[in-house]
Amino acid sequence: MMIAPPQARRLLIVLFRKPGFWLGLMMLLWPPLWGQEDSSRYGGTVLIGLKGDFDSLNELRAADSDALQVIQFMLFRSLTRLDEHLQFAPDLAQSWQFSHGDSVVTFELRRDVRWSDGVPTTAEDVWFTWRLAIDPEVGYPAASRFDLVDTVIVAGRYEVQFRLRRPYPDVLYDLQMPILPKHVLEKIPPDSLSAAPFNRQPIGNGPFILKEWKANRRVVLEANPNYPPQRPYLNRVVFTIIPDETVLLNSLLTGEVDVVPSLTPLGFRQAQEHPQVRAIRYQGRNFTFVGWNNRHPFFTVQVRRALTHAINKQEIIQTLLQGFAQPANGPLLPFVWAYDPELPTLEFDPEKARRLLAEAGWQDTDGDGVREKNGQPFEFSLKTNAGNQIRRDVAVMIQAQLRQIGVRVNVDIVEWNLLIRQVFGEKDFDALILGWDADFTVNPAPLWHCRAIEEGYNLVSYCNPRVDSLLELGRSISDRERAKPIWREFQRIIVEEAPYTFLFIPDQLAGVRRRVHGVDMDVRGFLAGITGWWIPVQQRKYKSRQSYRR
């Protein structure tokens, strides 16, 4: 038996008299319940129902918003990320600093990140991603995000510098692009990247790894066990493709899927009433629009303005979206610092629409209810994607509204992947209804710059040299207050010339089965917090791979 020396006995007596001593001793001796609670969260499968398949899982090729979220939040790491407060947080980069008058940004990378094939992620990958993104043969639609980057320097195995042409306020937003693996993609000629197997079989470094992609059926991702600082709670996430919105909603209500990130207003009401479903409404950052193909001989500026005056956005919002939206007024959304709150808009005014059409030479001379010019009736096709009931209904309502001013509209519902080919590749449409996810940075060039007709997302082939100069000038000014007048003029030109009719900014309406915990969706996207989703052990399903096969 050992006896403590007098000094130790006096110390123990003092400690015993301190009230915090016993609490501390209990915390040391008590079983590690906190660790056990965390470890019990690991495991389980979540099924997410989507209306359409992904187009690509390569950032350089993807246009589908759901695919871009999977790329950003599940498969790849960016230098930085936005946290729930929309503040920049470390991701692949553990730290960064500005120097040389804010014209150089140096990133220090984590040393423990590996690609899913085991190869380390290094500064060479960052440099290579930048080179690919700006290569015109690649045709990255958002390449303009690097317009103000002069060069990228590999300063060490885990250190990379971005040297800017001039400082500007949104640089960290622009450098959030997911980093790609050099050792995989350097073997592929840039002009062949669009057909590369990588687009459907990516090697990533994010919290999940792609395991299976059955076209138009399902996409399966599994947790990356080597993801630092810790792997996600879920073992597996399965995206199930259910094009029909009614079937998709029923799958949520019956528990066939756990999450539907995009519900109709009617579906949202039904989800609110279901005891096993949590209905989530959160701020969106996308807008729905009618795009007028500027190559079409009908759609002059005056005619586009007339058509915009004839569309009743408030009727659409109240009737079809049950008020779950706000009107969209221009090319920038209200949460962006450059947004002009006093932007003049083309208000609903059917009489003005009729007058503008008559002035443009469109008259109903034969009394059949359809205007004509030079013997050609004013008739066109309005396309949108199958599986989206809201857009289908919007198209039908616009068809009825334009009929009131003597314009005949034929609604054309097209399968998603076919629509992407027709619109992005061939520009084969008269007018279309689509939506864009807006970015947190102010860089509208991929939608509106003349060069973006071939290289970006300028689907409507709108080209205005003054707009081009404003886009370039606005991005070059680092002082936001000095830049605001530039962006104000840009917004006003777009509204005045009406290449789009801006319709509405919908609230994001989602449904989540209550067995899935930790789901907080916000303006960043429905997958932003997926590493924290978890399922209690007693509520887990899908024990084997066969169990989630449809």
Check off (1) part of a strand (DSSP E or B); (2) in contact with a helix residue (DSSP H, G or I) (Cβ under 9 Å, 6 or more places away or on another chain) for residue 202 and give me the number that stays unchecked. (1)
Can you pull out the helices (runs of 4 or more DSSP H) entirely within the stretch 391-484 that have at least 1 residues that are of a type in the set (Val, Ile, Thr)? 416-420, 452-455, 465-476
Have a look at 240, 264, 246, 319 and point out the one that is of a type in the set (Ser, Thr, Tyr), out of contact with any Lys or Arg (no Cβ under 7 Å at 6 or more places or on another chain) and closer than 27 Å to residue 439 by Cα. 264
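Restricting the stretch 80-128 to residues that are among the aliphatic types (A, V, I, L, M) and in contact with a helix residue (DSSP H, G or I) (Cβ under 7 Å, 6 or more places away or on another chain), which is surrounded by the fewest Cβ atoms within 10 Å (Cβ to Cβ)?
Going through the stretch 80-128, the residues among the aliphatic types (A, V, I, L, M) turn out to be 82, 86, 89, 92-93, 104-105, 109, 113, 119, 123, 126.
If we keep only those that are in contact with a helix residue (DSSP H, G or I) (Cβ under 7 Å, 6 or more places away or on another chain) as well, we get 105, 109, 119.
Values: 105: 23, 109: 27, 119: 15.
For the stretch 80-128, the residue satisfying everything is 119.
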Which condition does residue 407 not pass, out of (1) within 26 Å of residue 306 (Cβ to Cβ); (2) touching a helix residue (DSSP H, G or I) at 6+ places or on another chain (Cβ under 8 Å); (3) at pLDDT below 95; (4) buried (at least 16 other Cβ atoms within 10 Å of the Cβ), if it passes all the others? (3)
Are any of the residues in the stretch 209-222 closer than 30 Å to residue 143 by Cα, assigned to a loop (DSSP other than H, G, I, E, B) and touching a residue at least 12 places away in the same chain (Cβ under 8 Å)? yes
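Output the helices (runs of 4 or more DSSP H) that fall wholly within the stretch 98-188 and possess 1 or more residues being within 20 Å of residue 478 (Cα to Cα) and touching a strand residue (DSSP E or B) at 6+ places or on another chain (Cβ under 6 Å), or say none.
Working: elements: 123-134, 171-174, 182-185.
It comes to 171-174.
Against the definition (assigned to a strand (DSSP E or B), touching a strand residue (DSSP E or B) at 6+ places or on another chain (Cβ under 8 Å) and closer than 15 Å to residue 390 by Cα), how does residue 288 come out, yes or no?
yes
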Which residues, counting only those in the stretch 408-441, are without any contact (Cβ under 8 Å) to a residue 12 or more places away in the chain and not hydrophobic (A, V, I, L, M, F, W, C)? 421, 425, 426, 428
Residue 441 vs. criteria polar (S, T, N, Q), surrounded by 17 or more Cβ atoms within 10 Å (Cβ to Cβ) and over 26 Å from residue 147 (Cα atoms): no
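The values are calculated or read from the model by the stated rules, or taken from the named source; none is laboratory data. Not measured: the values here are computed from a predicted model. Backbone-built Cβ (ideal geometry, glycine too); neighbour counts: all protein chains shown.
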